[in-house]
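Each remark here refers to the structure printed beneath this line.
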Amino acid sequence: MTDISNVARLSEPLKFAYWVPNVSGGLVVSTIEQRTGWDFDYNKKLARIAENSGFEYALTQTRYAASYGADKQHEATSFSLALLAATERLKVISAVHPGMWHPGVLAKFIITADHISNGRAAVNIVSGWLKAEFENFGLEWLEHDERYVRTEEFIKVLRGLWTEQEYSQSGKYYNINNFTLNPAPVDVPGRAHPEIFFGGNSTAAQATAGRVADWYFSNGKDLEGFKENIAGVVAAAGETSRGTGGALPAALSSPRFGLNGFVIARDSEKEARDTLREIVAKAHKPAVEGFRAAVQEAGASTKDGKGMWADSSFEDLVQYNDGFKTQLIGTPEQIAERIVEYKKIGVNLFLTGYLHFQEEVAAFGADILPIVRELEADLARRNGTELDLSGTPVASASSTAGLVNA
């Protein structure tokens, strides 16, 4: 059994998100059947299924040059805005690259999205690894650690413009002079401003997250691997003041933690494992190898060789954010148990992917989420507290209406 970390929040229920499939080809680079569409009509229905299945967040992917086997992809912020307008409760996270946006322009865009959605807009700041994308746009390409210097300044500008009047900031990449954005973001109880997610596995990424992020996202990891990431973020948070200079409220001693995981839930573990083997056996090898060459060059560019994908195998990269490593594969009971083991080490949110999104998101809400909640409640009681579900959505029976079993 997994020991309980001192950063685990046992009274807070886990949150669940899904990858928005705004890119053709699904979330695995394989010729296996994926009953997943990348068009808006498919995604609008998926978003409504998700919010009725107990999901709180959706993350819209960003990429400008379609790649790794996909030939089409929608832009993230506009797609997110459309999903916010099509839903009632779901929070939609737009992934964006510093260097392609000015933080003041993004801050204004997100405020507008926040008002349209009554306080449900969020961002995921991605420092960027695809060099050709920047260079082909004629944009400056920064080496690995320098990208995180820019990202940290970028996040501070967002937070400053969202929370202060006549905000000023002087830095290497951004200089803001007495600027005020009106209106401000929506006043949501318990939220200082639209949530800022931030991802990366490297040492530089962990340090940046510890200093300025609300949420730290990671590629898929096993339990021991993610323990190391959490420790790096917490250590960085403890070395700096998070209450001044555009940083986080002091009460948040570290970011919360989100982890990617590809879900394969089947009636038996054998059936789930057979599905994984089929995914890998039918991998689009040239696309996976091309992606592998690009991302592992990016990982190797870090000073200590600990960047994203630095230790990923061919099999891992068939799901391009290492989702198989988290091992959410098996029966609903096995997956729920695995999820709660991650909660013990400090995970607060799971970002999930599927072969057949509409059917399997609904099935997750109906078959897995109730077991997770039972296990969470039992874990909390055994450790002297109670699970507080007062602000947590529950799955609706209507979420599975009209869907074919996966």
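What to note about this one:
- The set of residues in the stretch 319-333 being more than 21 Å from V288 (Cα to Cα) and surrounded by 24 or more Cβ atoms within 10 Å (Cβ to Cβ) consists of L328 alone.
- Within the stretch 144-184, being in a strand (DSSP E or B), farther than 21 Å from P194 by Cβ and not hydroxyl-bearing (S, T, Y) holds for N175, N177, N178.
- Look at the stretch 165-183: where a residue is more than 20 Å from D114 (Cβ to Cβ) and among the charged types (D, E, K, R) and a partner is open to solvent by less than 90 Å² (accessible area, probe 1.4 Å) and not in a strand (DSSP E or B), sitting 6+ places away or on another chain with Cβ atoms under 8 Å, you get E166/T180; K172/V149; K172/R150; K172/E153.
- Of the residues screened, A85 is one that is surrounded by fewer than 19 Cβ atoms within 10 Å (Cβ to Cβ), farther than 30 Å from N175 by Cα and touching a residue at least 24 places away in the same chain (Cβ under 8 Å).
- Here the stretch 334-351 is the region considered, the condition is being within 21 Å of K270 (Cα to Cα) and not basic (K, R), and the residue that is surrounded by the fewest Cβ atoms within 10 Å (Cβ to Cβ) is E337.
- Filter pass, G54 being in a loop (DSSP other than H, G, I, E, B) and surrounded by 21 or more Cβ atoms within 10 Å (Cβ to Cβ): yes
- When the stretch 267-277 is filtered for residues that are open to solvent by 30 Å² or more (accessible area, probe 1.4 Å) and either of a type in the set (K, R) or under 10 Å from L355 (Cβ atoms) (or both), the ones remaining, listed by number, are K270, R273, R277.
- Output for the stretch 17-42, where each listed residue is outside any loop (DSSP other than H, G, I, E, B), within 27 Å of E224 (Cβ to Cβ) and out of contact with any helix residue (DSSP H, G or I) (no Cβ under 7 Å at 6 or more places or on another chain): A17, W19
- Complete set of residues in the stretch 344-369 that are over 14 Å from the mean Cα position of the chain (by Cα) and among the hydrophobic types (A, V, I, L, M, F, W, C): I345, L355, F357, V361, A362, A363, F364, A366, I368, L369
- Selection count where residues are part of a helix (DSSP H, G or I), open to solvent by 50 Å² or more (accessible area, probe 1.4 Å) and modelled with pLDDT of 95 or more, scope the stretch 100-143: 6
- Filtering S24, S30 for residues that are farther than 30 Å from S254 by Cα, out of contact with any Phe, Trp or Tyr (no Cβ under 9 Å at 6 or more places or on another chain) and open to solvent by less than 30 Å² (accessible area, probe 1.4 Å) leaves a single hit, S30.
- For the stretch 207-222, the condition of being under 24 Å from the mean Cα position of the chain (by Cα), at positive phi and open to solvent by 10 Å² or more (accessible area, probe 1.4 Å) holds for none of the residues.
- Residues that are surrounded by fewer than 18 Cβ atoms within 10 Å (Cβ to Cβ) and in contact (Cβ under 8 Å) with a residue 24 or more places away in the chain, drawn from the stretch 146-163: V149, T163
- Any chance K91 is surrounded by fewer than 18 Cβ atoms within 10 Å (Cβ to Cβ) and touching a residue at least 40 places away in the same chain (Cβ under 8 Å): no
The values are calculated or read from the model by the stated rules, or taken from the named source; none is laboratory data. If you're wondering where the values come from, they're calculated on a predicted model, not measured in any experiment. So basically every Cβ, Gly included, is an ideal-geometry build from the backbone, and we count neighbours across all protein chains shown. Ligands, DNA and RNA are excluded from the accessible area calculation, which covers all protein heavy atoms including side chains. Shrake-Rupley method; radii C 1.70, N 1.55, O 1.52, S 1.80 Å.
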